[in-house]
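Structure first, commentary second.
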Amino acid sequence: MFADESPEWNLDFDNSDTCEECGEVGAVIHLLRVENGSVSHIRLCQKCAENLAGRTEGMALVLAVPAIVGRVGKAKEKGETGPSPVPTSDSQVCTVCGTTLADVKETGMVGCSVCYQVFGDHLRNVVQGGEEPPAHLGKVPRQGSASDIHRREVMRLQRMLRELVECERFEEAASVRDRLSELERAAPGGSV
Amino acid sequence: MSAAALKASGLGLSRNETGIRFPHAEEATALEDLQQRVEAALKNGGWDEPWRVHDLEELSPAEMTYLVEKGLMSPGFADGTGEGRGFAVYGDEVASLEIGGGDHLRLLGFRTGDELSVLWSLLSQLDDRLEGTINYAFDPCWGYLTSHPEQAGTGLRIYATLHVPTLMLTGRLASIALELVASGMGLSPLWGGAGGIIQVSNRGRQGKPEIETIQEIEDISRDIVEKERSVRKMFMRENPIQVRDHIGRAIGLAQHAWNMSFPECVNLLSAAEVGLELGLVDVPGLVGQAAFDAMRRLQPAHVVMEHMEAKQSGLESPEIDQVRARMLREIFAGARVLS
């Protein structure tokens, strides 16, 4: 059985960043208090969240969720406290599924895989704080182009090389480095 | 007595097909077509074990809840509605597949004990086979794509079930939850927090291979359980009467109650397990089975489906609490508090 993420968990976050305990701007944690089966929530800054967590007694269970949860659609698009906003129009539309940027902001959901390209700037801004998503590591579909498979193998080896160097396992690192050089020479199109 | 850190292991692996909209945005005909293609693939031979495809329309509320209680179906899928939804169970209930829920496909696996890696190996094999039917939506940077961009990545949600009643009772769980959030994990109460049963899971799906995240969850779980055991011992040293009283009362209630709600039953079994681990009680009925297994079997739909004649009476029947109390009395027959 899996812990239920019932509607109470899909909190209706508003755009406020104010800590409900100290009134300061910078609330980053939503604390959920589960007591006698009922769930209540409070928006707090890190410091107040830690203080409140320290005061918990009895059967109350306090859980914390980061404020980013559920905010894909409702993130504040202002520059002072977060990443720089990307100038986009809410009428921007994915021609494959008809989803508009306004829809994505409202629901936090995209309509199809092409939306990731169409609304890429917005999604990176909100989900990744303006950064490119970290390169995907782990399982990949078996079906893929030769260049994709090659690129993933290079990424995997680069990561392994970094970790081996960090652990000072230089002999193994040298062997991985040689393998990387071979792959780079053999890259489809001549470069990685 | 030393027990495994994880009481149970669970995995959910989300996948979507490229070329059609995600379920919430897609038309019924396209979702029904997907359901038919997947179900046809499940029914075709070539799998190591057979799939049993269920008709969701024909499942009663008790049967549906029974699947949820077994970890074969997620609560969100059980509550869902709409066209093109399908469900199938693999082999001897070792895994299952939700079709047309929040994602086009979601493979689920759940079993008791420390089995995350074994489960991942199984789900990954099933995933490979399904890829022969479904062309997965995938992006080299984002990973496997879903309708919720913050969940794109490996598509793997990992659930480690832990028994930490002392951390919960002493309020230490809150600070642990905050630490978990900082490392991209989350903590949820299973069964509303009864018995100190919680699930640790990963919130993010990006930036790490599946097996690393599994390893991370296992390490975190072991740390949490280690803290629980150390706090238990400390609590026993400082408040021996309070601990013995709490556990002794639980044994008494379990032996003599004739009406037992599920949350109360979990609390009593939880206390008995703590008593067993501290060497304070002897419960012959719990020899050879973990208290967690007993908790699973005493869930409402389990009681209805496995121990009641009138399965149509539903999950609101007062008889459930009476049957559960009888089962609990049987488990605790011969139990005694050691002095």
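Open to solvent by 10 Å² or more (accessible area, probe 1.4 Å) and either among the aliphatic types (A, V, I, L, M) or in a helix (DSSP H, G or I) (or both): does that describe B:Gln215? Spell out the reasoning first.
Working: open to solvent by 10 Å² or more (accessible area, probe 1.4 Å): yes; either among the aliphatic types (A, V, I, L, M) or in a helix (DSSP H, G or I) (or both): yes.
Spelling it out, B:Gln215 is indeed open to solvent by 10 Å² or more (accessible area, probe 1.4 Å) and either among the aliphatic types (A, V, I, L, M) or in a helix (DSSP H, G or I) (or both).
Tallying residues that are open to solvent by less than 10 Å² (accessible area, probe 1.4 Å) and part of a helix (DSSP H, G or I) within the range B:269-295 yields 9. For the range B:133-154: of the residues being outside any strand (DSSP E or B) and hydroxyl-bearing (Ser, Thr, Tyr), which is farthest from the other protein chains (Cβ to nearest Cβ)? The residue in question is B:Thr133.
Against the criterion of being open to solvent by less than 40 Å² (accessible area, probe 1.4 Å), modelled with pLDDT of 95 or more and over 25 Å from B:Asp114 (Cα atoms), B:Leu298 does not qualify.
Within the set of pairs 6+ apart or on separate chains, which have a first residue in the range B:174-194 that is assigned by TED's automatic domain parsing to the domain that holds B:Glu218 and under 14 Å from B:Phe262 (Cβ atoms), a second that is among the charged types (D, E, K, R) and surrounded by fewer than 23 Cβ atoms within 10 Å (Cβ to Cβ), and C-beta atoms under 8 Å apart? Final answer for the pair search is B:Ala194/B:Glu264. Answer yes or no: is there a residue in the range B:73-95 that is at pLDDT below 95 and of a type in the set (Phe, Trp, Tyr). Scanning the range B:73-95 turns up at least one residue that is at pLDDT below 95 and of a type in the set (Phe, Trp, Tyr).
B:Ser201 fulfils the conditions (1) at pLDDT below 90; (2) under 14 Å from the mean Cα position of the chain (by Cα) except for a single criterion, (1). Restricted to the range B:155-204, the set of strands (runs of 3 or more DSSP E) holding at least 2 residues that are facing chain A (nearest Cβ under 7 Å) and surrounded by fewer than 24 Cβ atoms within 10 Å (Cβ to Cβ) comprises B:185-189. Of the residues making up the range B:131-172, those that are in contact (Cβ under 8 Å) with a residue 40 or more places away in the chain and closer than 30 Å to B:Asn239 by Cβ number 10. A residue that is more than 8 Å from chain B (Cβ to nearest Cβ), at pLDDT 85 or above and surrounded by fewer than 19 Cβ atoms within 10 Å (Cβ to Cβ) cannot be found anywhere in the range A:126-136.
The values are calculated or read from the model by the stated rules, or taken from the named source; none is laboratory data. These numbers were taken from a predicted model, which means no experiment stands behind them. Note that each Cβ is placed from the backbone with ideal geometry, even for glycine, and that neighbours are counted across all protein chains shown. With ligands, DNA and RNA removed, areas are computed over all heavy atoms of the protein, side chains included. Shrake-Rupley method; radii C 1.70, N 1.55, O 1.52, S 1.80 Å.
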